[in-house]
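Heads up: the structure comes next, in structure tokens.
The values are calculated or read from the model by the stated rules, or taken from the named source; none is laboratory data. Just so it is clear, the structure is predicted and the values come from calculations on it, not from any experiment. Neighbour counts run over all protein chains shown; Cβ positions are idealised from the backbone, glycine included.
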Amino acid sequence: MKVDKSTRDLLLEIQKSKRVLLEGNVLKLLEADPADTEFAKYLTDASEKDKEIRRKRLEVTKQVQEQNRSLLASQGENQKLLVDLKEALDSAECAKTEAEKAKDLALNDLDVLQKKSQTELISTIVKVALLVILSVGVVTTIMYIISMFTGKDTQIIGSTWSNMFGILLTNAFSIVGTIMGVKYASENKDK
């Protein structure tokens, strides 16, 4: 297809003033007059520039496609890493829960052991206190009986004996009360 002179002149003027050439498949349809070397050169330059632009677009398209493939591969790897991380966090959470259960069990065992030790200690203290109280009471009673049979004055020993039994009973109840109070306080401290 040949263009008229005004279109030809307009195309050449746009090329000179704005450096813009025709592009695309329209170049394949245009042909220059064999005698018009200037327009023939215009069409040749426009075709070469169009080929160069198409080649660059193709390179950009290939580059974008390659980057897309790379991004998709990276996305797949990221998804796998995310799944692995989630599994690791779940495992860590499970291990933490197990550790907390083991800690609670150990603290419970320690508490039971402490209460058992306290009970044994309290039992020992009560037994020793009662043994001392009984021993003093028996010794004082024996001394009182001996003094009665030997004819000695029993008035001082009798009042001492009754005072001692009162003191021993008071101390015995005080010891038992203190021990029970400590035991009650240690049980309520945990609650």
Being β-branched (Val, Ile, Thr), surrounded by fewer than 12 Cβ atoms within 10 Å (Cβ to Cβ), modelled with pLDDT of 85 or more and assigned to a helix (DSSP H, G or I): is that true of THR97 here? yes
Which one of these does GLN79 not meet: (1) over 22 Å from the mean Cα position of the chain (by Cα); (2) at pLDDT 90 or above? (1)
So ASP9, is it assigned to a helix (DSSP H, G or I), acidic (Asp, Glu) and surrounded by 11 or more Cβ atoms within 10 Å (Cβ to Cβ): yes
Sole residue being of a type in the set (Ser, Thr, Tyr), part of a helix (DSSP H, G or I) and surrounded by fewer than 11 Cβ atoms within 10 Å (Cβ to Cβ), chosen from THR124, THR160: THR124
Can you name the residue in segment 46-75 that is touching a residue at least 24 places away in the same chain (Cβ under 8 Å) and out of contact with any helix residue (DSSP H, G or I) (no Cβ under 8 Å at 6 or more places or on another chain) and, of all such residues, is nearest to LYS2 (Cα to Cα)? LYS49
Which residue out of PHE149, PHE165, PHE173 is on the phi < 0 side of the Ramachandran plot and exposed (fewer than 10 other Cβ atoms within 10 Å of the Cβ)? PHE149
